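**Student:** Here's a structure for you.
The values are calculated or read from the model by the stated rules, or taken from the named source; none is laboratory data. For clarity, every value in this text was computed on a predicted model and none was experimentally measured. Counting neighbours? That spans all protein chains shown, and the Cβs are built from the backbone with ideal geometry, glycine included. What goes into the accessible areas is simple: the full protein's heavy atoms, side chains included, and nothing from ligands, DNA or RNA. Shrake-Rupley method; radii C 1.70, N 1.55, O 1.52, S 1.80 Å.
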Amino acid sequence: MSASTPKKNSFFGGAAILTAGIIIVKLIGALYKVPLGNILTDAGFADFNTAYDIYSLLIVISTGGLPVALSKMVSEADALGRTNQVNKVFQIAVVAFCVLGTISFLIMAVFPRQLADAMNNSRARWSILALAPAVFFICPMSALRGYFQGHSLMTPTAISQIIEAICKLVIGLLLANAAMKAGLDESLAAAGAILGVSVGVALAMFYMYWCYRSRRSRQKKGRDVPDGSREILTTLAKLAVPITVGASIIAATNILDSAILMDRLQDALGIGEDAARTLKGVYNKTMTLYNLPASFMVPLTSSVIPAVSAARAVRNYRQGAQISETTLRTTALLAFPAGIGLFVLGEPIIRLLYPSTADLVLAGWMLSVLGIASIAVCFMLVSNSIMQAHKLVTLPMATTLIGCILKLIVGYILIGNPDINIKGGAISTVACFGVIALLDLVIIKLALPRSLSYARVFAKPAAAAVAMGASAWAVCGLLSKVLVKLGPFQQTADGVPVLDEAGSAVLSWMGNALAVMAAIGVAVIVYFALILLTKAISKEDLALMPKGDKIARLLRIQ
């Protein structure tokens with residue numbers, strides 16, 4: 001058995017564990033974000049997301065590249081049996097993480113008012129302050145996750161994510177609901193909701209540390225001589241800095257985009273701050289749903305880097321290319337149906353999940369547009385990881401910069417147009433990530449040491465997803481005409497309404513919910529059947545999965 005075999009077999013094993021964790025986390029997240037969006041006003045939801053934008057930027061600066069670099073270095077050293085090198089790399093990375101985390105915490109804790117004012121949303125300062133502890137605890141936790149992912153051990157990461165999500169759900173919703181019932185300002189209710197995030201991150205970090213201590217107590221001491229501290233730190237920096245810069249570009253763009261959005265709504269269109277916060281809250285609700293497909297790429301991005309790095313460490317370049325192609329095909333199988341589903345069911349989904357939204361038609365339009373953008377985001381994330389695994393760490397930074405500059409320009413122009421206004425945010429997002437994904441895929445095509453056919457990777461999943469989308473649109477549209485119209489103000493022969501306004505609204509919501517659920521059910525059946533009929537996934541792909549041979553035989557894939 002070659003040195004690379006364990007990594008090959010564990011690639012989709014690790015991805016499967018993280019996927020299971022992500023599914024649980026997203027279910028919990030839906031139980032958090034959806035009720036939260038209805039508990040808070042649209043303006044309060046905007047305050048919540050403004051703090052998150054700042055938090056995300058500081059997190060990326062503090063941890064953006066280091067976990068990837070750590071996981072890559074740990075994976076390479078582990079593949080070569082260098083136990084002492086693994087431990088020393090981790091120890092140096094932890095110190096770096098803690099320093100960066102402390103700096104980021106102080107920025108949010110000491111300057112919440114200044115940060116909120118810079119975002120043109122002065123009411124967000126309480127949410128920024130409540131989120132400050134999370135940015136400290138997430139730094140050492142990211143180091144621990146990088147350590148375990150470098151060993152292709154994904155279970156601790158998955159469990160820590162679930163702990164995080166449960167705390168956010170229970171504490172965040174309780175505090176937000178209590179604040180609103182007590183008649184407190186909506187900005188304080190948003191801060192209560194976000195405080196649950198800080199508590200969850202802290203508990204998840206302590207769990208990861210317990211896992212690390214347990215593993216270290218069972219680990220045998222190695223005989224290898226580790227590299228010097230300066231050499232390790234230099235290697236970490238060379239890998240981490242380009243990745244961090246690339247990731248920071250997106251986070252910084254989100255900050256600038258949010259600030260530009262609020263500024264253009266208020267200055268160019270003459271809308272007051274509260275009205276602008278409401279519009280931004282509507283936009284943020286669609287962004288919450290648009291981000292869902294990309295979250296399911298985390299297992300792939302976390303698994304592909306150590307798997308490809310291990311293969312390259314033992315000079316098995318063909319295997320590294322095979323894993324990369326399989327990752328792209330898996331991305332296509334997940335991203336196309338998710339994005340097209342959001343595109344065709346944008347407004348019905350908004351009506352189902354966020355019925356209290358100020359402008360449901362506007363939110364539905366933006367979610368449909370963002371559904372297309374979500375496909376591009378998925379390919380961008382996975383393509384960046386593939387390039388990083390193949391040591392092309394500076395190219396993702398360049399493509400990301402190009403796309404983000406385009407986003408800011410398009411957003412600035414369109415949001416200031418009275419006929420487009422907030423819709424410009426969604427349109428600029430499509431332009432940004434569409435360009436980045438296209439450039440990334442061209443680079444991968446030219447760089448991989450094995451011929452890569454994008455027709456083989458994308459054609460069948462795309463065709464199946466389009467057919468799926470058509471079926472979902474038809475089913476939802478047909479049922480909506482039958483079910484939704486049963487609710488509003490039914491009358492007797494003498495003109496007396498059977499239902500009052502509230503009862504009619506509930507019945508209309510239920511009709512829409514049944515239509516959406518039926519459409520999704522039909523879409524799943526149609527898509528799965530077409531994937532099997534067209535053989536969109538190959539036996540070679542399944543060989544990288546746990547029990548892949550059995551799955552191939554069960555599905556009769558040759």
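**Student:** When the residues of the range 448-461 are filtered to those that are among the aliphatic types (A, V, I, L, M) and open to solvent by 50 Å² or more (accessible area, probe 1.4 Å), which remaining residue is modelled with the lowest pLDDT?
**Tutor:** Checking each candidate, the answer is 455.
**Student:** Among the residues of the range 491-498, is any of a type in the set (Ser, Thr, Tyr) and at pLDDT below 65?
**Tutor:** Yes, there is a match, as at least one residue in the range 491-498 is of a type in the set (Ser, Thr, Tyr) and at pLDDT below 65.
**Student:** Another question, if that's okay. May I ask you to verify whether residue 253 is of a type in the set (Val, Ile, Thr), part of a helix (DSSP H, G or I) and over 21 Å from residue 118 (Cβ atoms)?
**Tutor:** no
**Student:** Pairs under 6 Å by beta carbon, first residue closer than 9 Å to residue 396 by Cβ and open to solvent by less than 30 Å² (accessible area, probe 1.4 Å) in the range 238-251, partner of a type in the set (Val, Ile, Thr) and in a helix (DSSP H, G or I), six or more apart or different chains?
**Tutor:** What qualifies is 243/68; 246/400.
**Student:** When residues of the range 256-278 are filtered for being open to solvent by 20 Å² or more (accessible area, probe 1.4 Å), part of a helix (DSSP H, G or I) and more than 25 Å from residue 345 (Cβ to Cβ), how many remain?
**Tutor:** Going through the range 256-278 one residue at a time, the tally reaches 10.
**Student:** Before we move on, is residue 139 crowded, with 23+ Cβ neighbours inside 10 Å and within 30 Å of residue 228 (Cα to Cα)?
**Tutor:** So residue 139 passes the test.
**Student:** Can you tell me which residues in the range 117-130 are at pLDDT below 90, surrounded by 22 or more Cβ atoms within 10 Å (Cβ to Cβ) and part of a helix (DSSP H, G or I)?
**Tutor:** 124
**Student:** Within the range 72-90, count every residue that is surrounded by fewer than 24 Cβ atoms within 10 Å (Cβ to Cβ) and within 11 Å of residue 240 (Cβ to Cβ).
**Tutor:** Total meeting the criteria: 0.
**Student:** Hey, any hits in the range 299-316 for a residue that's under 23 Å from residue 422 (Cα atoms) and modelled with pLDDT under 90?
**Tutor:** The answer is no, given that none of the residues of the range 299-316 is under 23 Å from residue 422 (Cα atoms) and modelled with pLDDT under 90.
**Student:** Which of the residues that make up the range 392-418 are free of Cβ contacts under 8 Å to residues at least 40 places away in the same chain and outside any helix (DSSP H, G or I)?
**Tutor:** Residue satisfying the conditions is 417 alone.
**Student:** Still on this structure: Would you pick out the residues in the range 382-435 that are open to solvent by less than 10 Å² (accessible area, probe 1.4 Å) and among the charged types (D, E, K, R)?
**Tutor:** Correct list: 407 only.
**Student:** Among 281, 192, 196, which is in a helix (DSSP H, G or I), touching an Asp or Glu at 6+ places or on another chain (Cβ under 7 Å), open to solvent by less than 20 Å² (accessible area, probe 1.4 Å) and in contact (Cβ under 8 Å) with a residue 12 or more places away in the chain?
**Tutor:** Going through 281, 192, 196 in turn, the sole match is 281.
**Student:** Oh, and also: Kindly check whether there is at least one residue in the range 346-362 that is β-branched (Val, Ile, Thr), out of contact with any Cys (no Cβ under 7 Å at 6 or more places or on another chain), assigned to a helix (DSSP H, G or I) and surrounded by 20 or more Cβ atoms within 10 Å (Cβ to Cβ).
**Tutor:** Scanning the range 346-362, I find at least one residue that is β-branched (Val, Ile, Thr), out of contact with any Cys (no Cβ under 7 Å at 6 or more places or on another chain), assigned to a helix (DSSP H, G or I) and surrounded by 20 or more Cβ atoms within 10 Å (Cβ to Cβ), so the answer is yes.
**Student:** Determine if the range 466-477 includes at least one residue that is modelled with pLDDT under 90 and of a type in the set (S, T, N, Q).
**Tutor:** no
**Student:** Can I ask one more? Have a look at 168, 181 and point out the one that is crowded, with 24+ Cβ neighbours inside 10 Å and not hydrophobic (A, V, I, L, M, F, W, C).
**Tutor:** Residue meeting the stated conditions: 168.
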